[in-house]
1. Counting just the residues of the stretch 22-46 that are surrounded by 15 or more Cβ atoms within 10 Å (Cβ to Cβ) and of a type in the set (S, T, N, Q), which one comes out farthest from LYS136 (Cα to Cα)?
2. Scan the stretch 143-167 and report the pairs whose first residue is under 17 Å from SER132 (Cβ atoms) and whose second residue is of a type in the set (S, T, N, Q) and away from ligand 2 (no atom under 11 Å from the Cβ), with Cβ atoms within less than 7 Å and a gap of 6+ or a chain change.
3. Output yes when any residue across the stretch 3-21 is surrounded by fewer than 17 Cβ atoms within 10 Å (Cβ to Cβ), touching a Lys or Arg at 6+ places or on another chain (Cβ under 8 Å) and more than 30 Å from LEU133 (Cα to Cα), and no when none is.
4. When only residues in the stretch 196-214 that are part of a helix (DSSP H, G or I) and among the aliphatic types (A, V, I, L, M) count, which is nearest to ALA107 (Cα to Cα)?
5. GLY118 is checked against (1) under 20 Å from the mean Cα position of the chain (by Cα); (2) farther than 15 Å from ILE229 by Cα and fails just one. What number does that condition carry?
6. Which numbered condition in (1) in contact with a helix residue (DSSP H, G or I) (Cβ under 8 Å, 6 or more places away or on another chain); (2) more than 16 Å from ligand 2 (Cβ to nearest atom) is the only one that ALA142 fails?
7. Out of everything in the stretch 47-77 that is of a type in the set (S, T, N, Q) and more than 19 Å from ILE273 (Cβ to Cβ), what residue ends up being surrounded by the fewest Cβ atoms within 10 Å (Cβ to Cβ)?
8. For ALA183, state whether it is under 16 Å from VAL110 (Cα atoms) and away from ligand 1 (no atom under 16 Å from the Cβ).
Amino acid sequence: MNIFKKRNPAKFSESLEKTRSSLLAQLGDLFKNSELNVEFWEDLEDTLISADTGVETSEKIVTQLKENAKIKNISSGEECLKELRSELIKIFDLNDEDPFANVQKPAVFVMVGVNGAGKTTSIAKLTHLLTSLNQKVILGAADTFRAAAVDQIQIWGERLGVTVIAQDPGADPGAVAYDTINAAKNRNMDVAIIDTAGRLQGKSNLMEELTKISKIVVRESDESSVKIILTIDGTTGQNGLIQAVEFTRFVNPDGIFLSKLDGTAKGGIAIAIADQLKIPIWFVGTGEQPDDIAVFDPNLFISRIIG
Ligand SMILES: Nc1nc2c(ncn2[C@@H]2O[C@H](COP(=O)(O)OP(=O)(O)OP(=O)(O)O)[C@@H](O)[C@H]2O)c(=O)[nH]1
Ligand SMILES: [Mg+2]
């Protein structure tokens, strides 16, 4: 599957503009100050934390940089910046190979995440991306929990010209997932994308329901073709990360859709996600329209935010 073909680097760069202007300015000033003293390291850690890189990840990066500086006898800010770049590349090393290269038809994507994270909108974006690559897509309205959710995805389906498999609100989401996959098989679809209800941590019954949905999906398809995609709202900072960890207790997300990157100046959250969750970020949301999607590109990310 060629889903990673349309990378949209321009949109990706644009969505990082807020992060870039705040973080780059601070880092630029910091690294110009060539003396790598106690104050420098503290300022660096604070700057990373203020961009939502998270305390643990920021500490880890700074500790590693200090060590590198000692071993390599680095004394200038400029050289240290190079080290920062290579540490970040290491953190994003998860993104190496194309996870869609070997999927069998129909591929099944299950979108999960907390309330309002951007799941349904991100499904519309993935649909747009896939159909523009001539892939045949079918959607499953397995958010049967929120009253208006079925309508919402059906409206997207109409707008994007794809079929939506749905039952009445309140129906068993597992049954909708089952129907969607079987419709995908019968109609020779390339991809089935299944929407699920937003869940908050602490609602263990809903979380367990998600485990059930994912079991049905795996049972009905070739396991290597199932991709569980966790949507994380990029504007929710460390909170979003804590919620994501909760999800990993019930399902094993294969990749992340980092939504609303356009709405935050704290894009360091991407670094925290990669480091803490060890799940690759596949896509980012760059706005509210179906074409506001880009493939996450670690090298571009790093060069945009640290210069
Ligand atoms: N700016 C911006 N807004 C986004 C993005 N993705 C989603 N949104 C907005 O976020 C809001 C919530 O999006 P939904 O797709 O309904 O979120 P959801 O996770 O499906 O929500 P529930 O089904 O209620 O759990 C909507 O107003 C979207 O337009 C993005 O990448 N950028
Ligand atoms: Mg939704």
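1. Taking the stretch 22-46 and keeping what is surrounded by 15 or more Cβ atoms within 10 Å (Cβ to Cβ), we get 22-24, 26-27, 30-31, 36, 40-41, 43-45.
Imposing the further condition that a residue be of a type in the set (S, T, N, Q) reduces the set to 22, 26.
Working: SER22: 41, GLN26: 46 Å.
Checked the stretch 22-46; the qualifying residue farthest from LYS136 (Cα to Cα) is GLN26.
2. GLY157/THR163; LEU160/THR127; LEU160/THR131; VAL162/THR127; VAL162/THR131
3. No, the stretch 3-21 contains no residue that is surrounded by fewer than 17 Cβ atoms within 10 Å (Cβ to Cβ), touching a Lys or Arg at 6+ places or on another chain (Cβ under 8 Å) and more than 30 Å from LEU133 (Cα to Cα).
4. Our first condition is that a residue be part of a helix (DSSP H, G or I); within the stretch 196-214, this holds for 204-214.
With among the aliphatic types (A, V, I, L, M) added as a condition, the list becomes 206-207, 210, 213.
Numbers: LEU206: 25, MET207: 23, LEU210: 19, ILE213: 16 Å.
Taking the candidates together, the pick is ILE213.
5. For GLY118, the failing item is (2).
6. Failed condition: (2).
7. Initial filter on the stretch 47-77 (of a type in the set (S, T, N, Q)): 47, 50, 53, 57-58, 63-64, 68, 73, 75-76.
Among the residues that remain, those that are also more than 19 Å from ILE273 (Cβ to Cβ) are: 63, 68, 73, 75-76.
On the way: THR63: 12, ASN68: 18, ASN73: 8, SER75: 11, SER76: 14.
It comes out as ASN73.
8. Values: under 16 Å from VAL110 (Cα atoms): yes; away from ligand 1 (no atom under 16 Å from the Cβ): yes.
When the stated conditions are applied, ALA183 passes them.
The values are calculated or read from the model by the stated rules, or taken from the named source; none is laboratory data. The structure displayed is predicted, hence computed values, not measured ones. Neighbour counts are summed over all protein chains in view; Cβ atoms, including those assigned to glycine, are modelled from backbone coordinates with ideal geometry.
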